[in-house]
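The values are calculated or read from the model by the stated rules, or taken from the named source; none is laboratory data. Keep in mind it's a predicted model, so treat the numbers as computed, not measured. Using ideal geometry, Cβ is built from the backbone for each residue, glycine included, and neighbour counts are taken over all protein chains shown.
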(Lines give C-alpha, C1' and ligand atoms only; values in the text may rest on other atoms or scores of the structure.)
Protein backbone atom coordinates (compact mmCIF):
# COMPACT_ATOMS: atom_id res chain seq x y z
CA UNK A 1 0.00 0.00 0.00
CA UNK A 2 1.24 3.48 -0.83
CA UNK A 3 2.54 5.37 2.16
CA UNK A 4 1.49 9.01 2.31
CA UNK A 5 2.50 11.66 4.75
CA UNK A 6 3.59 14.99 3.37
CA UNK A 7 2.77 18.64 2.84
CA UNK A 8 2.45 20.26 -0.57
CA UNK A 9 2.50 23.97 -1.35
CA UNK A 10 1.55 25.47 -4.67
CA UNK A 11 -0.03 28.55 -6.20
CA UNK A 12 -3.56 28.35 -7.54
CA UNK A 13 -4.64 30.90 -10.13
CA UNK A 14 -7.48 33.01 -8.81
CA UNK A 15 -10.31 32.75 -11.32
CA UNK A 16 -11.38 36.40 -11.16
CA UNK A 17 -7.88 37.83 -11.43
CA UNK A 18 -5.37 38.07 -14.23
CA UNK A 19 -3.05 35.19 -14.98
CA UNK A 20 -0.29 36.91 -13.01
CA UNK A 21 -2.31 36.90 -9.79
CA UNK A 22 -2.17 33.82 -7.59
CA UNK A 23 -3.01 32.72 -4.10
CA UNK A 24 -1.13 30.21 -2.05
CA UNK A 25 -2.56 26.92 -0.92
CA UNK A 26 -1.09 24.11 1.13
CA UNK A 27 -2.05 20.44 1.40
CA UNK A 28 -1.34 18.14 4.31
CA UNK A 29 -2.09 14.46 3.94
CA UNK A 30 -1.37 11.24 5.77
CA UNK A 31 -2.54 7.63 5.81
CA UNK A 32 -0.80 6.85 9.14
CA UNK A 33 1.07 3.92 7.56
CA UNK A 34 4.33 5.48 8.78
CA UNK A 35 3.10 6.13 12.33
CA UNK A 36 2.55 9.67 13.69
CA UNK A 37 3.18 12.25 10.92
CA UNK A 38 5.86 14.90 11.33
CA UNK A 39 4.38 18.24 12.39
CA UNK A 40 1.65 16.63 14.47
CA UNK A 41 1.34 15.42 18.05
CA UNK A 42 -0.86 12.92 19.85
CA UNK A 43 -2.05 13.16 23.44
CA UNK A 44 -3.90 11.00 25.92
CA UNK A 45 -5.05 7.62 24.64
CA UNK A 46 -4.37 8.37 20.95
CA UNK A 47 -2.14 5.93 19.09
CA UNK A 48 -1.53 4.53 15.62
CA UNK A 49 -2.46 0.89 15.18
CA UNK A 50 -1.94 -1.31 12.12
CA UNK A 51 -5.07 -3.30 11.38
CA UNK A 52 -3.83 -5.99 9.02
CA UNK A 53 -1.30 -8.76 9.39
CA UNK A 54 1.37 -7.31 7.09
CA UNK A 55 1.57 -4.01 8.99
CA UNK A 56 0.55 -1.89 6.00
CA UNK A 57 -2.69 -0.17 6.94
CA UNK A 58 -2.25 2.22 9.85
CA UNK A 59 -5.18 4.03 11.46
CA UNK A 60 -5.28 6.67 14.18
CA UNK A 61 -7.21 5.47 17.22
CA UNK A 62 -8.31 8.39 19.41
CA UNK A 63 -10.10 6.02 21.77
CA UNK A 64 -10.85 2.35 21.98
CA UNK A 65 -14.18 0.93 23.11
CA UNK A 66 -13.07 1.13 26.73
CA UNK A 67 -14.11 3.37 29.60
CA UNK A 68 -12.61 6.73 30.62
CA UNK A 69 -10.48 7.41 27.56
CA UNK A 70 -9.59 10.81 26.11
CA UNK A 71 -7.40 11.30 23.05
CA UNK A 72 -6.43 14.11 20.70
CA UNK A 73 -4.37 14.60 17.55
CA UNK A 74 -3.08 18.13 16.86
CA UNK A 75 -1.90 19.20 13.39
CA UNK A 76 0.40 22.21 13.61
CA UNK A 77 0.06 25.16 11.23
CA UNK A 78 1.41 23.93 7.89
CA UNK A 79 0.50 27.12 5.99
CA UNK A 80 3.72 29.00 6.81
CA UNK A 81 1.98 31.35 9.22
CA UNK A 82 -0.17 32.88 6.48
CA UNK A 83 -3.76 34.05 6.96
CA UNK A 84 -6.19 31.28 6.06
CA UNK A 85 -9.74 32.10 5.02
CA UNK A 86 -10.84 28.80 3.48
CA UNK A 87 -10.07 25.11 3.78
CA UNK A 88 -11.15 21.65 2.66
CA UNK A 89 -10.72 18.48 4.70
CA UNK A 90 -11.43 14.88 3.71
CA UNK A 91 -10.93 11.92 6.02
CA UNK A 92 -12.36 8.52 6.85
CA UNK A 93 -13.90 7.97 10.25
CA UNK A 94 -15.05 5.03 12.35
CA UNK A 95 -17.37 5.60 15.30
CA UNK A 96 -18.75 2.27 16.46
CA UNK A 97 -18.05 -1.03 18.17
CA UNK A 98 -19.14 0.06 21.64
CA UNK A 99 -19.08 -2.66 24.30
CA UNK A 100 -21.42 -0.68 26.59
CA UNK A 101 -25.18 -0.63 26.12
CA UNK A 102 -25.01 2.87 24.61
CA UNK A 103 -22.11 4.51 22.70
CA UNK A 104 -20.28 7.50 24.18
CA UNK A 105 -19.18 10.19 24.16
CA UNK A 106 -18.26 11.33 20.67
CA UNK A 107 -15.53 13.07 18.70
CA UNK A 108 -14.73 16.40 17.05
CA UNK A 109 -12.81 18.20 14.32
CA UNK A 110 -11.58 21.77 15.01
CA UNK A 111 -9.73 24.56 13.23
CA UNK A 112 -8.59 27.69 15.04
CA UNK A 113 -6.20 29.24 17.51
CA UNK A 114 -5.94 28.51 21.23
CA UNK A 115 -5.80 24.79 20.56
CA UNK A 116 -3.93 23.18 23.47
CA UNK A 117 -0.92 20.91 23.35
CA UNK A 118 -2.95 18.37 25.24
CA UNK A 119 -6.27 16.59 25.34
CA UNK A 120 -9.36 18.75 25.83
CA UNK A 121 -12.72 18.16 27.40
CA UNK A 122 -15.43 17.62 26.55
CA UNK A 123 -13.57 16.30 23.52
CA UNK A 124 -16.74 15.82 21.48
CA UNK A 125 -17.37 19.60 21.59
CA UNK A 126 -14.07 20.54 19.97
CA UNK A 127 -11.60 23.23 21.00
CA UNK A 128 -10.10 26.56 19.98
CA UNK A 129 -11.61 29.91 19.02
CA UNK A 130 -12.48 29.09 15.41
CA UNK A 131 -14.59 26.40 13.80
CA UNK A 132 -15.65 23.25 15.67
CA UNK A 133 -17.47 20.26 14.25
CA UNK A 134 -18.99 18.07 16.97
CA UNK A 135 -20.11 14.44 16.62
CA UNK A 136 -21.99 14.04 19.92
CA UNK A 137 -23.06 10.50 20.86
CA UNK A 138 -24.46 10.90 24.35
CA UNK A 139 -27.79 12.52 25.17
CA UNK A 140 -27.48 14.05 28.63
CA UNK A 141 -31.23 14.53 28.88
CA UNK A 142 -32.03 17.43 26.58
CA UNK A 143 -32.39 15.52 23.34
CA UNK A 144 -29.12 16.99 22.05
CA UNK A 145 -27.65 13.72 20.74
CA UNK A 146 -26.89 11.77 18.67
CA UNK A 147 -26.14 14.81 16.53
CA UNK A 148 -23.61 16.69 14.43
CA UNK A 149 -23.28 20.35 15.41
CA UNK A 150 -21.20 23.18 13.96
CA UNK A 151 -19.80 25.98 16.14
CA UNK A 152 -17.89 29.18 15.41
CA UNK A 153 -16.19 30.93 18.29
CA UNK A 154 -17.96 28.58 20.70
CA UNK A 155 -21.43 29.58 19.43
CA UNK A 156 -23.67 26.95 17.87
CA UNK A 157 -24.58 27.70 14.26
CA UNK A 158 -26.53 24.61 13.21
CA UNK A 159 -27.31 21.09 14.41
CA UNK A 160 -28.34 17.92 12.56
CA UNK A 161 -30.06 15.20 14.58
CA UNK A 162 -29.80 11.45 14.09
CA UNK A 163 -31.56 8.46 15.49
CA UNK A 164 -29.76 5.98 17.72
CA UNK A 165 -29.47 4.66 21.22
CA UNK A 166 -29.33 6.99 24.20
CA UNK A 167 -31.70 9.56 22.64
CA UNK A 168 -33.81 10.63 25.62
CA UNK A 169 -36.00 13.19 23.85
CA UNK A 170 -37.28 13.42 20.31
CA UNK A 171 -35.81 16.03 17.97
CA UNK A 172 -37.94 18.35 15.84
CA UNK A 173 -36.29 17.00 12.68
CA UNK A 174 -33.81 14.32 11.68
CA UNK A 175 -31.32 13.66 8.92
CA UNK A 176 -33.16 11.29 6.58
CA UNK A 177 -31.47 8.33 4.92
CA UNK A 178 -32.66 8.45 1.28
CA UNK A 179 -32.36 4.68 0.93
CA UNK A 180 -34.87 4.00 3.69
CA UNK A 181 -36.70 7.34 4.03
CA UNK A 182 -36.15 6.90 7.76
CA UNK A 183 -34.05 8.93 10.23
CA UNK A 184 -30.38 8.13 9.65
CA UNK A 185 -28.11 6.41 12.17
CA UNK A 186 -25.00 8.45 13.06
CA UNK A 187 -22.84 5.49 14.01
CA UNK A 188 -20.67 3.49 11.61
CA UNK A 189 -20.37 0.07 13.22
CA UNK A 190 -17.07 -1.57 12.31
CA UNK A 191 -16.76 0.27 8.97
CA UNK A 192 -14.98 3.49 8.04
CA UNK A 193 -17.10 6.15 6.32
CA UNK A 194 -16.12 9.21 4.30
CA UNK A 195 -16.25 12.70 5.81
CA UNK A 196 -15.93 15.76 3.57
CA UNK A 197 -15.67 19.21 5.17
CA UNK A 198 -15.29 22.51 3.32
CA UNK A 199 -15.40 26.18 4.23
CA UNK A 200 -15.18 28.26 1.05
CA UNK A 201 -16.65 31.63 0.17
CA UNK A 202 -18.07 31.94 3.68
CA UNK A 203 -20.16 28.79 3.19
CA UNK A 204 -19.80 25.57 5.12
CA UNK A 205 -20.53 22.15 3.65
CA UNK A 206 -20.44 18.73 5.30
CA UNK A 207 -20.95 15.30 3.79
CA UNK A 208 -20.99 12.30 6.15
CA UNK A 209 -21.75 8.68 5.29
CA UNK A 210 -22.70 9.87 1.80
CA UNK A 211 -25.35 12.21 3.26
CA UNK A 212 -25.35 15.98 2.78
CA UNK A 213 -25.57 17.17 6.38
CA UNK A 214 -24.97 20.91 5.86
CA UNK A 215 -25.13 22.57 2.44
CA UNK A 216 -23.95 26.14 1.80
CA UNK A 217 -24.42 27.07 5.45
CA UNK A 218 -23.35 30.70 5.79
CA UNK A 219 -20.84 31.20 8.59
CA UNK A 220 -19.29 34.41 9.87
CA UNK A 221 -15.82 32.89 10.08
CA UNK A 222 -12.95 35.36 10.41
CA UNK A 223 -9.75 34.47 8.50
CA UNK A 224 -6.97 33.52 10.86
CA UNK A 225 -3.19 33.14 10.86
CA UNK A 226 -1.27 30.53 12.83
CA UNK A 227 -4.32 28.30 13.36
CA UNK A 228 -4.11 24.55 13.86
CA UNK A 229 -6.35 21.57 13.28
CA UNK A 230 -7.41 19.19 16.04
CA UNK A 231 -9.24 15.88 16.29
CA UNK A 232 -10.47 14.76 19.70
CA UNK A 233 -12.62 12.04 21.25
CA UNK A 234 -13.49 10.63 24.66
CA UNK A 235 -15.38 7.90 26.44
CA UNK A 236 -16.78 7.74 29.97
CA UNK A 237 -18.70 5.02 31.74
CA UNK A 238 -20.02 4.12 28.27
CA UNK A 239 -17.65 3.79 25.33
CA UNK A 240 -17.03 3.59 21.60
CA UNK A 241 -14.18 3.31 19.12
CA UNK A 242 -13.27 6.69 17.60
CA UNK A 243 -10.81 6.22 14.73
CA UNK A 244 -9.72 8.22 11.68
CA UNK A 245 -7.66 7.48 8.56
CA UNK A 246 -6.59 8.90 5.18
CA UNK A 247 -6.62 12.58 6.14
CA UNK A 248 -6.23 15.26 3.43
CA UNK A 249 -6.47 18.95 4.41
CA UNK A 250 -6.00 21.87 2.02
CA UNK A 251 -5.80 25.46 3.24
CA UNK A 252 -6.18 28.59 1.12
CA UNK A 253 -4.54 31.92 1.94
CA UNK A 254 -6.49 35.15 1.63
CA UNK A 255 -5.27 37.67 -0.96
CA UNK A 256 -6.16 40.95 0.76
CA UNK A 257 -5.82 42.19 4.35
CA UNK A 258 -8.81 41.50 6.59
CA UNK A 259 -10.04 42.57 10.00
CA UNK A 260 -9.91 39.40 12.09
CA UNK A 261 -11.39 40.93 15.23
CA UNK A 262 -12.22 44.15 17.06
CA UNK A 263 -13.42 45.50 20.36
CA UNK A 264 -15.61 47.03 21.63
CA UNK A 265 -18.01 44.89 19.67
CA UNK A 266 -20.69 46.29 17.37
CA UNK A 267 -23.32 48.11 19.46
CA UNK A 268 -21.52 47.57 22.77
CA UNK A 269 -21.74 50.05 25.67
CA UNK A 270 -18.38 50.29 27.45
CA UNK A 271 -16.78 52.35 30.19
CA UNK A 272 -14.83 55.44 29.05
CA UNK A 273 -11.50 53.87 30.02
CA UNK A 274 -11.99 50.92 27.63
CA UNK A 275 -9.38 50.49 24.86
CA UNK A 276 -10.27 50.19 21.18
CA UNK A 277 -8.47 47.14 19.78
CA UNK A 278 -8.37 45.78 16.22
CA UNK A 279 -6.62 42.69 14.82
CA UNK A 280 -5.61 42.92 11.15
CA UNK A 281 -4.35 39.88 9.22
CA UNK A 282 -2.27 40.34 6.09
CA UNK A 283 -3.10 38.74 2.78
CA UNK A 284 -0.55 37.71 0.16
CA UNK A 285 1.54 40.90 0.68
CA UNK A 286 2.93 42.41 3.90
CA UNK A 287 0.93 45.18 5.57
CA UNK A 288 2.17 48.76 5.31
CA UNK A 289 2.32 49.93 8.93
CA UNK A 290 2.25 53.60 7.93
CA UNK A 291 -1.11 53.03 6.21
CA UNK A 292 -2.88 51.91 9.40
CA UNK A 293 -5.22 54.67 10.54
CA UNK A 294 -8.05 54.84 13.08
CA UNK A 295 -10.68 57.55 13.29
CA UNK A 296 -13.26 57.99 16.04
CA UNK A 297 -16.23 60.12 14.94
CA UNK A 298 -14.13 61.37 12.06
CA UNK A 299 -11.18 62.46 14.20
CA UNK A 300 -7.77 60.80 13.88
CA UNK A 301 -6.96 58.65 16.92
CA UNK A 302 -3.46 57.66 18.02
CA UNK A 303 -2.73 53.94 17.91
CA UNK A 304 -0.05 51.54 19.06
CA UNK A 305 0.79 48.68 16.67
CA UNK A 306 2.31 45.35 17.60
CA UNK A 307 3.32 42.70 15.06
CA UNK A 308 3.07 38.92 15.38
CA UNK A 309 3.99 37.34 12.05
CA UNK A 310 1.40 38.49 9.50
CA UNK A 311 -0.95 39.76 12.22
CA UNK A 312 -1.10 43.34 13.52
CA UNK A 313 -2.78 44.26 16.80
CA UNK A 314 -3.80 47.94 16.69
CA UNK A 315 -4.68 49.56 20.03
CA UNK A 316 -6.05 52.99 20.94
CA UNK A 317 -5.85 53.61 24.69
CA UNK A 318 -5.40 57.31 25.43
CA UNK A 319 -4.49 58.51 28.90
CA UNK A 320 -7.69 60.55 29.11
CA UNK A 321 -9.86 57.70 27.85
CA UNK A 322 -12.93 58.02 25.67
CA UNK A 323 -15.53 60.75 26.15
CA UNK A 324 -18.26 59.58 28.57
CA UNK A 325 -21.86 59.12 27.41
CA UNK A 326 -20.93 59.35 23.73
CA UNK A 327 -21.90 57.41 20.61
CA UNK A 328 -18.86 56.48 18.52
CA UNK A 329 -18.31 55.46 14.93
CA UNK A 330 -14.88 53.84 14.57
CA UNK A 331 -13.21 53.41 11.18
CA UNK A 332 -10.01 51.47 10.61
CA UNK A 333 -8.14 51.67 7.30
CA UNK A 334 -4.99 49.87 6.14
CA UNK A 335 -3.23 48.73 2.97
CA UNK A 336 -0.59 46.21 2.03
CA UNK A 337 2.56 46.67 -0.06
CA UNK A 338 0.67 45.59 -3.18
CA UNK A 339 -1.91 48.34 -2.71
CA UNK A 340 -4.80 46.14 -1.54
CA UNK A 341 -6.89 48.14 0.93
CA UNK A 342 -8.95 47.43 4.02
CA UNK A 343 -11.64 49.75 5.40
CA UNK A 344 -14.11 48.83 8.12
CA UNK A 345 -16.46 50.85 10.32
CA UNK A 346 -18.56 49.95 13.35
CA UNK A 347 -20.41 51.66 16.17
CA UNK A 348 -20.29 51.53 19.95
CA UNK A 349 -20.95 53.94 22.82
CA UNK A 350 -19.62 54.83 26.24
CA UNK A 351 -21.44 54.97 29.55
CA UNK A 352 -21.73 57.94 31.88
CA UNK A 353 -19.12 58.48 34.54
CA UNK A 354 -20.26 57.41 37.97
CA UNK A 355 -19.57 59.98 40.67
CA UNK A 356 -18.34 58.60 43.96
CA UNK A 357 -19.00 60.86 46.93
CA UNK A 358 -17.16 61.22 50.22
CA UNK A 359 -16.69 58.05 52.26
CA UNK A 360 -19.24 57.56 55.04
CA UNK A 361 -16.82 55.62 57.23
CA UNK A 362 -13.03 55.66 57.52
CA UNK A 363 -11.11 53.19 59.68
CA UNK A 364 -7.40 53.94 60.17
CA UNK A 365 -6.92 52.06 63.48
CA UNK A 366 -4.54 54.83 64.63
CA UNK A 367 -5.93 54.91 68.17
CA UNK A 368 -5.03 51.26 68.67
CA UNK A 369 -8.58 50.23 69.43
CA UNK A 370 -11.17 48.15 67.62
CA UNK A 371 -13.54 50.67 66.00
CA UNK A 372 -16.95 50.95 67.57
CA UNK A 373 -19.56 48.88 65.75
CA UNK A 374 -17.03 46.27 64.57
CA UNK A 375 -15.77 42.99 66.00
CA UNK A 376 -12.59 40.92 65.56
CA UNK A 377 -12.33 37.14 65.75
CA UNK A 378 -9.58 34.53 65.80
CA UNK A 379 -6.05 35.93 65.52
CA UNK A 380 -7.13 39.40 64.32
CA UNK A 381 -5.90 42.33 66.47
CA UNK A 382 -4.93 45.99 66.24
CA UNK A 383 -1.18 46.64 66.55
CA UNK A 384 0.91 49.77 66.05
CA UNK A 385 3.20 49.72 63.01
CA UNK A 386 6.32 50.56 65.04
CA UNK A 387 5.83 47.46 67.17
CA UNK A 388 6.10 45.00 64.27
CA UNK A 389 8.37 46.77 61.81
CA UNK A 390 11.71 44.95 61.48
CA UNK A 391 14.67 47.33 61.99
CA UNK A 392 17.03 47.76 59.02
CA UNK A 393 19.90 46.44 61.12
CA UNK A 394 18.32 43.03 61.42
CA UNK A 395 17.96 41.97 57.73
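Tabulated data
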| item | result |
| --- | --- |
| So residue 115, is it within 30 Å of residue 200 (Cα to Cα) and outside any strand (DSSP E or B) | yes |
| Tally, over region 315-344, of residues that are modelled with pLDDT under 95 and in contact with a helix residue (DSSP H, G or I) (Cβ under 6 Å, 6 or more places away or on another chain) | 0 |
| Selected residue [modelled with pLDDT of 95 or more, in the same structural domain as residue 337 (by TED's automatic domain parsing) and surrounded by fewer than 19 Cβ atoms within 10 Å (Cβ to Cβ)] from 312, 296, 287 | 296 |
| Meets criteria (in contact with a strand residue (DSSP E or B) (Cβ under 7 Å, 6 or more places away or on another chain), assigned to a loop (DSSP other than H, G, I, E, B), modelled with pLDDT of 95 or more and closer than 19 Å to residue 204 by Cβ) for residue 127 | yes |
| Exclusive hit being in contact (Cβ under 8 Å) with a residue 60 or more places away in the chain and either over 21 Å from residue 255 (Cα atoms) or assigned to a loop (DSSP other than H, G, I, E, B) (or both), set 349, 355 | 349 |
| Yes/no for residue 223 being in contact with a strand residue (DSSP E or B) (Cβ under 8 Å, 6 or more places away or on another chain), farther than 18 Å from residue 134 by Cβ and not assigned by TED's automatic domain parsing to the domain that holds residue 101 | no |
| The one condition in (1) modelled with pLDDT under 95; (2) in contact with a strand residue (DSSP E or B) (Cβ under 7 Å, 6 or more places away or on another chain); (3) over 16 Å from residue 186 (Cα atoms) that residue 141 fails to fulfil | (2) |
| Count - residues of region 144-168 that are part of a strand (DSSP E or B) and surrounded by fewer than 20 Cβ atoms within 10 Å (Cβ to Cβ) | 7 |
| Region 34-57, residues that are surrounded by 14 or more Cβ atoms within 10 Å (Cβ to Cβ) and modelled with pLDDT of 95 or more | 36, 37, 39, 40, 41, 42, 43, 44, 45, 46, 47, 48 |
| Filter result (at pLDDT 50 or above and either surrounded by 14 or more Cβ atoms within 10 Å (Cβ to Cβ) or not assigned by TED's automatic domain parsing to the domain that holds residue 74 (or both)) within region 10-33 | 23, 24, 25, 26, 27, 28, 29, 30, 31, 32, 33 |
| Failed condition for residue 80, given (1) within 28 Å of residue 27 (Cα to Cα); (2) touching a strand residue (DSSP E or B) at 6+ places or on another chain (Cβ under 6 Å); (3) touching a residue at least 40 places away in the same chain (Cβ under 8 Å) | (2) |
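Here's the yes/no breakdown for (1) more than 15 Å from the chain's Cα centre (by Cα); (2) over 17 Å from residue 197 (Cβ atoms):
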site	(1), (2)
78	yes, no
82	yes, yes
86	no, no
92	yes, no
97	yes, yes
103	yes, yes
106	yes, no
109	no, no
116	no, yes
